[in-house]
C-alpha cells in the first residue's frame with residue numbers, strides 16, 4: 001500500500017475492501033485517537049480498547065464515510081461517543097495517574113517512568129479534567145488537545161455552536177477553580193512544614 005496516499009484515497013480504497021488502507025489510516029491517526037480517549041477516560045487500558053473499537057467501526061461502517069470530507073472529525077466523533085458510553089457504563093471518574101504519567105514520558109513498560117519526576121501541575125490538571133462533567137471534558141479535550149475549532153467540535157459532536165461555546169466556557173471556569181483550590185491546598189501544606 002502506498003503510504004503517501006491521502007486520507008480520501010485511503011477511505012475509497014477501504015470502501016472497496018482493501019484492508020491495508022485501514023492499516024494506513026490506523027498508523028496515521030492512532031496517536032491522536034488514543035490521546036483523545038486517554039484524556040477523556042483517564043484509563044490507559046480503556047483508551048487502548050477504545051482506539052481499536054474506533055478503527056473497527058471505521059472498517060465496519062466505511063461505506064458510510066464521505067471520502068470527500070476529512071476523516072479526523074469522524075474519528076473524533078466516534079471516539080467521543082465511545083468514551084461517553086464507557087464512562088457512563090463504568091462510572092470511573094478518577095483513576096490513578098501513574099499510567100498517564102508513563103504514557104506522557106513515552107515509557108511503554110513503566111520502568112523508566114518511575115525514575116522520572118512527573119510534573120505536579122500536570123497531575124493537578126488531570127485530576128481537575130477528570131472531575132469535569134463528560135460533555136465539558138469532551139469539548140475541552142477536542143479544543144485544547146486536538147486543536148479543533150468551536151465550529152469543528154460542533155460538527156463533530158452534532159451539537160449547536162452555542163452549546164459548545166457554553167461547555168468550553170464552563171469547563172475552563174471549573175478547571176481554573178479546581179486548579180486554584182489544588183494550589184491552595186499545596187500552599188497550606190507548605191505553611192505547616194515551616195511552623
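The values are calculated or read from the model by the stated rules, or taken from the named source; none is laboratory data. Because the structure is a prediction, the values reported are computed rather than measured. Methodologically, a virtual Cβ is constructed for each residue, glycine included, from the backbone with ideal geometry; neighbour enumeration extends over all protein chains shown.
Scan segment 143-160 and give yes if some residue there is in a helix (DSSP H, G or I), surrounded by fewer than 12 Cβ atoms within 10 Å (Cβ to Cβ) and at pLDDT below 85, otherwise no. There is no residue in segment 143-160 that is in a helix (DSSP H, G or I), surrounded by fewer than 12 Cβ atoms within 10 Å (Cβ to Cβ) and at pLDDT below 85.
Taken as a whole, the structure leaves residue 84 outside the set of residues that are modelled with pLDDT of 80 or more and either over 16 Å from residue 50 (Cα atoms) or in contact with a strand residue (DSSP E or B) (Cβ under 8 Å, 6 or more places away or on another chain) (or both).
Of the residues in segment 1-50, how many are in a helix (DSSP H, G or I), within 10 Å of the chain's Cα centre (by Cα) and buried (at least 20 other Cβ atoms within 10 Å of the Cβ)? Qualifying residue count, segment 1-50: 8.
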